Amino acid sequence: MATEKRNLLTGNFSKKNATLFAIAVIVTLVIWNLPIDSFGIDGLTVIQQRIIAVFALATILWVTEAISPWATSVSLIGLLLLTTSDNAFHFFRSGIDKSELLDHSALMATFADPIIILFLGGFILAIAATKSGLDVLLARTLLKPFGQKSENVLLGFILITGVFSMFVSNTATAAMMLTFLAPVFKALPPEGKGRVALTLSIPVAANIGGMGTPIGTPPNAIALKYLNSPTGLNLGIGFGEWMMYMLPLTVVLLLIGWFLLKKFFPFKKKTIQLDIEGEVQHNWRTMVVAGTFIVTVLLWICDRWTGVGSNTVAMIPIVVFAFTGVIKARDLEEINWSVIWMVAGGFALGLALNESGLAENVIKSIPFGSWSPVMILLASGIICY
């Protein structure tokens, strides 16, 4: 958040950010103007070279956060539209075959990709749960079985955060769980490391738990899109099938996280008196939220049997809460639109890489046949990291 307050859009652009931004622009311009044969990619076109330059710009800005990640995404969509699409400036299209230009409507449509609806549904669920107090009820109920032993309470935080993160966004889960820390902190001595363990348990568990379902975190949805794409691997992986493979791994990683946190940040006080504040709204709206939450999650899990995709299921909470008035127009302001834009930017970049033929050209130029599978896995992991 501190980075975001210092970014270009707030008018408080630090020297460090200005330097990083300048470096990103210089690298982009260099790549943009390099001779095409210097890339070592057979059949590389001018449009593909421009996409490589935009890719480099986006990567540097996303990693360094010289400007906000969502602002980077918006910027790259604009750059792709103005320089590589069939709606680009005339001087950018001059001398280029129309078949090489990207479809401007397809680039714009990345913000309305079905995966975006999936995220909107998750955000709406989180907002409704907070408004009704259902999140407090769930946390209070779910933490109770873990008792008052400090290490067990830590395990409770990890498992509950992990479970929540499987069905709502990591950021929404973290925001919700952080509200439960204050009363727990009161029961712990300030000089111990227990507070550190509990605080770190939230981001650790939210990130790990997010792997458990296709909707837990943006990378999952992006991966699933290409795994199931008819032009990709076309595996037809459903919500339930994803969980069947990933849930056991998620549980193991959560337990490893618990072990490491309690080892490196041991509690000085061995017991914690839990008192989670907050009231559940006892009205029909809470019943609507609870019922809709259960139905939505069940449909997400059973999509292979119902035939209704997870993206379409995400419309259920949006429609139900809008129709019943559980979610008002002003509640939409609480949706993390910056995350939505950031995801849309990733989709736009992916579309540019694929539709231009750049991804295929790059893959063909890599000698996978002479690499071991372990090397490919490690290289891919490092690049993604």
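Below, the figures for the structure above:
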read-out: Some residue of the stretch 310-333 being at pLDDT below 75, on the phi < 0 side of the Ramachandran plot and out of contact with any His (no Cβ under 8 Å at 6 or more places or on another chain); value: yes
read-out: Number of the condition not met by V308 [criteria: (1) crowded, with 18+ Cβ neighbours inside 10 Å; (2) within 26 Å of the chain's Cα centre (by Cα); (3) outside any helix (DSSP H, G or I)]; value: (1)
read-out: Residues of the stretch 348-385 that turn out to be surrounded by 19 or more Cβ atoms within 10 Å (Cβ to Cβ) and modelled with pLDDT under 90, as a count; value: 0
read-out: Filter result for the condition that a residue is surrounded by 19 or more Cβ atoms within 10 Å (Cβ to Cβ), closer than 28 Å to Y245 by Cβ, in contact (Cβ under 8 Å) with a residue 12 or more places away in the chain and hydrophobic (A, V, I, L, M, F, W, C), over V289, V326, V343, V320; value: V343
read-out: Selected residue (criterion: farthest from L154 (Cα to Cα)) from residues of the stretch 203-232 that are part of a loop (DSSP other than H, G, I, E, B) and modelled with pLDDT of 80 or more; value: P230
read-out: Spans of helices (runs of 4 or more DSSP H) in the stretch 79-138 with at least 1 residues closer than 22 Å to N220 by Cα and in contact (Cβ under 8 Å) with a residue 60 or more places away in the chain; value: 104-108, 114-132
read-out: G147 over 23 Å from the mean Cα position of the chain (by Cα), at pLDDT 70 or above and at positive phi; value: yes
read-out: Tally of residues being over 19 Å from L358 (Cα atoms) and among the hydrophobic types (A, V, I, L, M, F, W, C) across the stretch 85-101; value: 2
read-out: Residue list for the stretch 41-78, filter: part of a loop (DSSP other than H, G, I, E, B) and in contact (Cβ under 8 Å) with a residue 60 or more places away in the chain; value: I41, D42, G43, L44, T45, E65, I67, S68
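The values are calculated or read from the model by the stated rules, or taken from the named source; none is laboratory data. What you see is a predicted model; the values in this text were computed from it and never measured. Positions of Cβ are backbone-derived with ideal geometry, glycine not excepted, and every protein chain shown enters the neighbour counts.
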